[in-house]
Amino acid sequence: MNDFSSGTQATVLILFTTLVTVTLLMCVMAGPDRDDLTNFYTGYRSLTPFKNGLAIAGDYISAATVLSTTGIIALAGYDGYVLAVSTALSLVLLMFLLAEPLRNAGRFTMGDVLARNMPGRAVRIAACVVTLSATLPFLVVQLSGAGSLLTFILNIPHVAGARTVCIVIVGSLMILYAALGGMRGTALIQMIKIVLLLGTSVVVAALVLHRFDWSPGDVLRAAQHGSGAGPAFLQQGLQLGTSPLDRLDFVGLQITVVLGVACLPHITMRLYSAQDVPAVRRSMSWAVSTVTTFCLLVIIMGTGAAALVGSRYITAADPQGRTSVLMLSQMLGGAADSAGSTILYSAVAGMVFITLLSSVAGMTLAAASSLAHDLFAHAARRGQAEPRTEMTVAAWTSVAVGTLAIALATLVQNWNVGVLTTLAICIGASAVAPALTYSLFWRGFTRTGLLATLYGGASCAVLLMALSKAVSGTPAAVFPDAHFDLFPMQSTGLVSVPFGYLAGWLGSRWDHRRRPAVSGENQRLYEESEARLLAAAE
């Protein structure tokens, strides 16, 4: 169904070239000096709340949100609707619970927050390990998907060589964005992305509603027919199943999304660039409004894809439905060689392209920042690294992280790697979320508890995911013909999230019993900073 004229292909290529040229130029112009750490990590905290809110929303809305969630809605209906709502709720939770304390406690990275009252190399190393564990799977998924999506967009034969070239191109650009632009440069890219994303999505959603005379009921009825599921399209179960265990798995997945997505390191890193607490509050208001609006548009577009394209054509192009929004734009644009089809398809293709670029750039920056700031500057150099040296390390770690992600994405490009997205979110919910909430709100939290939370929560999520139905034992699994699916769910959250919190509590209680003087010191440090941390009092 991806038949379009050479004129459309030329228009898409021109648009892609223009986007790359403009965004790279902006990154170079906004890039920090070589010895200015504050500029590289926070952009001097010079963004207004509105701009910072757009940048947070841009980092938060990844290509997985744009493409995968739309595809799940088109193929699974109700399950996708709940996923879109859970995605918005996660940012609301971050806004009301963690945003202000994180801004007060953090400087550059998540390691700064966690080491505030518990300094030491072990804490910095653990923070870096978990940051990489949460960001690298996302990077591999985004780059692997970029190969298939760009060959589809450009109408290139879907062969491994073409996909590999696309992966390398997108990966190389993400390295340049992260290494040259720093926080301010990537923020500008995120702002461009979110404006294009919202503008294009509004047009597509409006065209869908216009096609059905602005009647949501007619859209839903057509979607039920187009999906082939009938009334089941509006009932839970098309994605994971309808058995009691499947329903429990579905609940666990939504809890994991709510707790984990907003706690991912590349999201929380944006909060440190706010000028002050009132600014972070206003920034989060803009971010929540933007993300909520976009999630509503995703629901309309996904339902429209089911109604106008149909699940049979969507799954034929991509079993996960990631190309559904592109196919919807073709359907809405009319004849393949018409001006309307060319303009709309090119706009949606440009939106997808800039979303892929900006998403991977933000994740690369977060991973490189943790390696340079937590691992090198604090764990290896014990906080004595020169700013210029740390900046150089940050640039080279961007290259290293990007190169590793490109290599892994190339190796797994023929696999169903969507499970890595679930894994990253599970690590965020099982390790990062417990560590942050305990560190910010429990004065009895100790170093042993922190390390138990980070390593225990992440290890539990990784182990259970490796033994889950998402990896083996089912037709949609990564290894469908293998059978080591000892964990009977596709998301680990129902077990790994409580495990992460329990590990932190047990580790802290162990410290209280064995070393009461050390645990008492942690409480004293927390009490000294509590007013500034929670209420921004000096």
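The values are calculated or read from the model by the stated rules, or taken from the named source; none is laboratory data. Note that the structure is predicted; figures quoted are calculated from it, not measured. Counting neighbours? That spans all protein chains shown, and the Cβs are built from the backbone with ideal geometry, glycine included. Accessible surface is based on the protein model in full, side chains and every heavy atom, while ligands, DNA and RNA are left aside. Shrake-Rupley method; radii C 1.70, N 1.55, O 1.52, S 1.80 Å.
Can you put F487, F108 in order of accessible area, largest first, using a 1.4 Å probe?
Values: F487 25, F108 0 Å².
Most to least solvent-accessible, the answer reads F487, F108.
Loop only per DSSP, at most 15 neighbouring Cβ atoms within 10 Å: give me the chymotrypsin sites (Phe, Trp or Tyr not before Pro) in segment 176-232, ordered by residue number. Could the numbers behind the result be given before it?
Values: sites: Y177, F212, W214; in loops: F212, W214.
Here the chymotrypsin sites (Phe, Trp or Tyr not before Pro) that fit, given the DSSP loop and packing criteria, are W214.
Quick one, what does Rg over Rh come out to for segment 68-149 if you take C-alpha atoms and the Kirkwood Rh? Mind showing how you got there, number by number?
Details: Rg = 17.3 Å, Rh = 15.6 Å.
Here the Rg-to-Rh quotient is 1.11.
When only DSSP loop residues count, what trypsin sites (Lys or Arg not before Pro) in segment 373-454 have their Cβ near at most 16 other Cβ atoms within 10 Å? Can you show the working numbers first?
Details: sites: R381, R382, R388, R443, R447; in loops: R381, R382, R443.
Counting only loop positions with at most 16 other Cβ atoms within 10 Å, the trypsin sites (Lys or Arg not before Pro) in segment 373-454 are R381, R382, R443.
Treat each spin label as a single point 7 Å out from the Cα along the C-beta direction, and report the L13 to W214 distance in nm.
Result for the modelled spin labels: 4.2 nm.
How large is the accessible surface per residue of the chain, computed with a 1.4 Å probe and reported in Å² as a whole number?
37
Translational diffusion coefficient of segment 307-384 at 4 °C, 1.567 mPa s, Stokes-Einstein with Kirkwood Rh over Cα pairs, in µm²/s as a whole number.
83
Could you report the accessible area of D511 in Å², rounded to 10, computed with a 1.4 Å probe on the protein chains as they sit in the structure?
Accessible surface of D511 is approximately 0 Å².
For segment 245-304, what is one quarter of the convex hull surface built on the Cα atoms, given in nm²? Walk me through the intermediate numbers first.
Values: hull surface 21.9 nm².
Seen from a random direction, the Cα hull of segment 245-304 projects 5.5 nm² on average.
Give the accessible area for H378 in Å² (nearest 10); use a 1.4 Å probe, count only protein heavy atoms, and leave out ligands, DNA and RNA.
For H378, solvent-accessible area is about 50 Å².
Filter the DSSP H helices in the chain by two things, a Kyte-Doolittle mean of at least 1.6 and an axial alpha-carbon span of 18 angstrom or more, and list the hits by number.
6-30, 160-176
With N set to the residue count of the chain, report its C-alpha Rg divided by 2.2 N^0.38 Å to two decimal places. Provide the component values of the computation, followed by the final result.
On the way: Rg = 22.7 Å, N = 538, 2.2 N^0.38 = 24.0 Å.
Computed over Cα atoms of the chain, the ratio equals 0.95.
Please compute the net charge surrounding A307, taking Lys and Arg as +1 and Asp and Glu as -1 over other residues with Cβ under 15 Å from its Cβ.
Local net charge: +1.
I'd like the accessible area for L423, computed on protein heavy atoms only with a 1.4 Å probe and all protein chains in place. Round to 10 Å², please.
Roll a 1.4 Å probe over it and L423 shows about 30 Å².
Using only the Cα atoms, what convex hull volume per residue in Å³ does segment 411-493 have?
In segment 411-493, the Cα convex hull volume per residue is 96 Å³.
Which chymotrypsin sites (Phe, Trp or Tyr not before Pro) in segment 388-474 pass both tests, a DSSP loop state and at most 14 other beta-carbon atoms within 10 Å?
W415
Between V20 and A339, what length comes free when the chain is fully extended (0.36 nm per residue of separation minus the Cα-Cα distance, one decimal in nm)?
Working: separation 319, 0.36 × 319 = 114.84 nm, distance 2.38 nm.
Length difference between fully extended and current span is 112.5 nm.
How large is the helix-only mean residue ellipticity at 222 nm for the chain, computed as the sum of -39500 (n - 2.57) over DSSP H runs with n ≥ 4, divided by its residue count, in deg cm²/dmol to the nearest 500?
Computed mean residue ellipticity for the chain: -23500 deg cm²/dmol.
Report Rg(Cα)/(2.2 N^0.38 Å) for segment 125-215, keeping two decimals.
1.44
Binning at 10 angstrom from zero up to the longest distance, how are the C-alpha pair distances of segment 8-153 distributed in percent?
Calculated over all Cα pairs of segment 8-153, the distribution is 8, 24, 37, 24, 7, 1 percent.
Evaluate the Debye formula for segment 270-426 with equal point scatterers sitting on the alpha carbons, no solvent, and hand back log10 of I(q)/I(0) at q = 0.15, 0.19, 0.20 Å⁻¹, in q order, two decimals.
-1.08, -1.29, -1.32
List the residues, sorted by chain then number, that are 5 or more residues from V471 or on another chain and whose placed amide H is less than 5 Å from its amide H.
Amide H to amide H, under 5 Å and 5 or more residues apart or across chains, V471 pairs with V478.
Compare I169, I299, I156, I427 by solvent-accessible area with a 1.4 Å probe and give them largest first, with all protein chains kept in place. Display every interim value, and only then the final one.
Details: I169 90, I299 40, I156 60, I427 0 Å².
Output order, biggest surface exposure first: I169, I156, I299, I427.
In the P(r) worked out for segment 97-142, what percent of Cα pairs fall beyond 15 Å?
51
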